[in-house]
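Have a look at the structure below, then the notes.
The values are calculated or read from the model by the stated rules, or taken from the named source; none is laboratory data. Computed from a predicted structure; not experimentally measured. For neighbour counting, all protein chains shown are included, and Cβ atoms are generated from backbone atoms with ideal geometry for every residue, glycine included. The protein model used for the area step is the full one, side chains on, heavy atoms only, and it has no ligands, DNA or RNA in it. Shrake-Rupley method; radii C 1.70, N 1.55, O 1.52, S 1.80 Å.
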Amino acid sequence: MGTVLRKENQKDAARKAYTQATTIDTKFLPPYLSLASMAYETGNWTEVLNLTGHILDLDPLNHVAVTSYVWILIR
């Protein structure tokens, strides 16, 4: 819903939809990416850092969170 609203230039409604999505599922990353992008566009650097920090904390390939070997298969 947030993506549709954002494309229609309804930024406040889009932000509300993305925020609602983050409260429903804190591990679903796309709304955080969109909110971070919107914060970047407005120059809200504190919000950009908070949102991207949350994304990096949940990233399964974050080097800090990896507790075993990660195999990268290259063809």
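Go through region 4-36 and give me each residue that's among the polar types (S, T, N, Q) and touching a Lys or Arg at 6+ places or on another chain (Cβ under 9 Å).
Answer for region 4-36, where residues must be among the polar types (S, T, N, Q) and touching a Lys or Arg at 6+ places or on another chain (Cβ under 9 Å): just SER34.
Taking only region 20-32 into account, find how many residues are surrounded by 13 or more Cβ atoms within 10 Å (Cβ to Cβ) and closer than 18 Å to LYS7 by Cβ.
3
Do you know which residues across region 15-30 are part of a helix (DSSP H, G or I), of a type in the set (S, T, N, Q) and either within 15 Å of THR52 (Cα to Cα) or in contact (Cβ under 8 Å) with a residue 12 or more places away in the chain (or both)?
Correct list: THR19, THR22.
Can you tell me which residue within region 34-60, out of those that are among the aliphatic types (A, V, I, L, M) and out of contact with any Asp or Glu (no Cβ under 9 Å at 6 or more places or on another chain), is most open to solvent (accessible area, probe 1.4 Å)?
Step by step, filter region 34-60, then rank; the result is LEU49.
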